[in-house]
Amino acid sequence: MPDHGKSRLLLMLGAGLLAAMLAGCARSPSPEVAQQIASLQSRVDALQKKAQANEDYAAIANLQAIYGYYVDKSRWDDAAALFSDDATLEIAGRGQFRGRARVSEYLHQLGDLEYGRLFNHMQLQPVIHVAEDGRTAKGRWRSLMQVGHLGKEARWGEATYENEYVKTNDVWQISKLHSFITFYVEFDKGWNKGAVALPKHLDTLEPDQETTVAYGAFPEVFVPPYHYPNPVTGK
Amino acid sequence: MPDHGKSRLLLMLGAGLLAAMLAGCARSPSPEVAQQIASLQSRVDALQKKAQANEDYAAIANLQAIYGYYVDKSRWDDAAALFSDDATLEIAGRGQFRGRARVSEYLHQLGDLEYGRLFNHMQLQPVIHVAEDGRTAKGRWRSLMQVGHLGKEARWGEATYENEYVKTNDVWQISKLHSFITFYVEFDKGWNKGAVALPKHLDTLEPDQETTVAYGAFPEVFVPPYHYPNPVTGK
Amino acid sequence: MPDHGKSRLLLMLGAGLLAAMLAGCARSPSPEVAQQIASLQSRVDALQKKAQANEDYAAIANLQAIYGYYVDKSRWDDAAALFSDDATLEIAGRGQFRGRARVSEYLHQLGDLEYGRLFNHMQLQPVIHVAEDGRTAKGRWRSLMQVGHLGKEARWGEATYENEYVKTNDVWQISKLHSFITFYVEFDKGWNKGAVALPKHLDTLEPDQETTVAYGAFPEVFVPPYHYPNPVTGK
């Protein structure tokens, strides 16, 4: 082969090497870098789950507290809006109300804000567990109640809730509200002097289903079922 | 060209290619790697905001609870220190006190820890929202109060707070404390028997401004304005 | 040198360059990429600590609330299981019980769930601080108590807790429960009419050590020591 032919061949070889090199660099990132990136992606995936669960804990704590503040002031439309479409509500053994429209009917029967009326339902002592997939959650709460009317009755009440929550389009709602009365007593007569019986049905509204869990308030004793196992023993 | 000249030329070309390659590798990270890194940076930015907001929720829950524990025991200097420089305080319709020095004056008028005195102000049922920029926050709380003196009076009280918080140099403080009394009654006379009127002014201290929100405690009814819209309807 | 020898030499040089290039690319990631990755790793390390601390706050809030719900219903084995091996318990000045077995003995002495008995111990107003290393935590809480028996006594009580927690194998437990009674009164006699004295020892069980902190309940006054400094002043 003539000399100039070899030169051209070698130049073409060189150019080919150059192209192959640049392409090769592009197609094969350092294995070290690839592994560091994969590790970071995995850690960030796990962090996103954890940070979301933490945010959900606070969102649900807020939601149940918001419910309570609406109930205190008879804001029934606002309270009902916090329930999911298929939510159920069961309070004080008065049967189960199913679906938000029925929950709303129940709430509206509880009375209106008016001079001399007190209807405090404090929402306290949360135990909140968000499900692994972040779409549902459960919460145990208790309520200390101060209810009554000027010139009529005054009562203290206490109850345990076992509630459920569902997240739809990034918004948490109550999917189940189940309240078990612990005691309901006259303001000036303690539990030692007996209890005030709560009517088994509202006067004005039948439930969709009779109570799902039969129990009695004080002086009866009842342990509202826990949504969680013992966090240490797992039982 | 002589053979040895061509050899030198080709060796120089090769050395040049080598240098160009190494420099090229350094100056042009894989587009795939660049995009993965940009994606990770974006996810970590979002995570930092979320984790900070979660931390802020707990810090504010702690702060308001800490305030309450100081109030219980008349730790007025400690309680006043929790307020920002320009904070305002308005309690039980007694007018607004503006700035931490005035907040401190108000608190010191509430009485000292002494044998036979009870001044419990429980801090309960938080609804906490941290602003998008993480610099301010708002919280709705309620207080159940047990107050009185051995041999004199004993009262139950209940109130709603709508408070604001500000973060300065990484430390949260209360920038606004506004408490609306729901009821204040004799220990042994329930709300059905009427309420104990709270004096409109402290005997010993005039406010900086008359009450910003006129309202009445039980038997009057009042809905302390919410700092938040309905979390489901947005209204 | 003959032409074909030079060609072979140059081809070998080229192959050697190619190999060196590829190896070089592999061994020397872009300094820019290396720095971006190091920065991401550092940010993710910090985020993991923060997200874990946020999760721990909620886990401890849940744990103490879970304890309270077990106490309400005399679930003594479940309540005792929440304590670490070396945990201590000290309630109402009745001396200190050391180790979970002794905590369990103390709890079992508190009585069983039975018709007409009420033993509510609400767990409220948490101030929770998780240690930097995420292995321990401290919490100040308060309890509002409704206790009594149908036909016998009815009391209101209130107490402050200063508790400690330890995380073992990813599970939080109570390592110290120390409760200071604020008041304990007859249901129908407020704190103005005096207090009900709580016996200094359980009838049936001696402590491992006399009370570590002597104090008196109302009408005495006492400030249970804080596990935290003022969050603003640092004192």
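The values are calculated or read from the model by the stated rules, or taken from the named source; none is laboratory data. Predicted model only: the values in this text are computed from it and were never measured. Please note: Cβ atoms are built from the backbone with ideal geometry, for glycine as well, and neighbour counts cover all protein chains shown. Heads up: the accessible areas ignore ligands, DNA and RNA and are worked out on the full protein's heavy atoms, side chains in. Shrake-Rupley method; radii C 1.70, N 1.55, O 1.52, S 1.80 Å.
Details
Residues checked against (1) among the basic types (Lys, Arg); (2) touching a Pro at 6+ places or on another chain (Cβ under 9 Å):
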{"site": "B:60", "(1), (2)": "no, yes"}
{"site": "B:70", "(1), (2)": "no, no"}
{"site": "B:73", "(1), (2)": "yes, yes"}
{"site": "B:87", "(1), (2)": "no, no"}
{"site": "B:90", "(1), (2)": "no, yes"}
{"site": "B:94", "(1), (2)": "yes, yes"}
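- Search result, residues across the stretch C:62-94 that are among the small types (Gly, Ala, Ser), open to solvent by less than 10 Å² (accessible area, probe 1.4 Å), outside any strand (DSSP E or B) and touching a strand residue (DSSP E or B) at 6+ places or on another chain (Cβ under 7 Å): C:65, C:68
- Criterion: in a helix (DSSP H, G or I) and in contact with a Phe, Trp or Tyr (Cβ under 8 Å, 6 or more places away or on another chain) - qualifying residue of A:104, A:175: A:104
- Answer residue from the stretch C:162-191, given it is buried (at least 21 other Cβ atoms within 10 Å of the Cβ) and either without any contact (Cβ under 8 Å) to a residue 12 or more places away in the chain or β-branched (Val, Ile, Thr) (or both) and is farthest from residue C:91 (Cα to Cα) among those: C:190
- Residue among C:112, C:78 that alone is of a type in the set (Asp, Glu), out of contact with any Ser or Thr (no Cβ under 7 Å at 6 or more places or on another chain) and on the phi < 0 side of the Ramachandran plot: C:78
- With respect to the stated conditions, residue A:215 fails to be surrounded by fewer than 17 Cβ atoms within 10 Å (Cβ to Cβ), in a loop (DSSP other than H, G, I, E, B), within 9 Å of chain C (Cβ to nearest Cβ) and of a type in the set (Ser, Thr, Tyr).
- Scanning the stretch C:31-46 for residues that are at the interface with another protein chain (Cβ under 7 Å from one of its Cβ atoms), of a type in the set (D, E, K, R) and within 23 Å of residue B:51 (Cβ to Cβ) yields one hit, C:43.
- Taking the stretch C:112-161 as the range and being open to solvent by less than 10 Å² (accessible area, probe 1.4 Å) and of a type in the set (Gly, Ala, Ser) as the test, the residues that pass are C:116, C:137, C:139, C:143, C:148, C:154, C:157, C:159.
- Tally, over the stretch B:137-161, of residues that are closer than 21 Å to residue B:229 by Cα and more than 11 Å from the chain's Cα centre (by Cα): 5
- Residue within the stretch C:140-149 that is more than 30 Å from residue C:50 (Cβ to Cβ) and touching a Pro at 6+ places or on another chain (Cβ under 7 Å) present: no
- Condition check for residue C:191 on (1) within 30 Å of residue A:156 (Cβ to Cβ); (2) out of contact with any strand residue (DSSP E or B) (no Cβ under 6 Å at 6 or more places or on another chain); (3) of a type in the set (Phe, Trp, Tyr): one failure, at (2).
- Screening the candidates C:61, C:46, C:38 for the property of being among the hydrophobic types (A, V, I, L, M, F, W, C), modelled with pLDDT of 95 or more and within 15 Å of the chain's Cα centre (by Cα) yields one hit, C:61.
- Some residue of the stretch C:224-235 being within 27 Å of the chain's Cα centre (by Cα), open to solvent by less than 40 Å² (accessible area, probe 1.4 Å), within 12 Å of another protein chain (Cβ to nearest Cβ) and without any contact (Cβ under 8 Å) to a residue 24 or more places away in the chain: yes
- Qualifying residue in the stretch C:116-125 (condition: under 30 Å from residue B:145 (Cβ atoms), away from chain A (no Cβ under 13 Å) and of a type in the set (D, E, K, R)): no
- Given (1) more than 19 Å from residue B:69 (Cα to Cα); (2) in contact with a helix residue (DSSP H, G or I) (Cβ under 7 Å, 6 or more places away or on another chain), number of the condition residue B:197 does not satisfy: (2)
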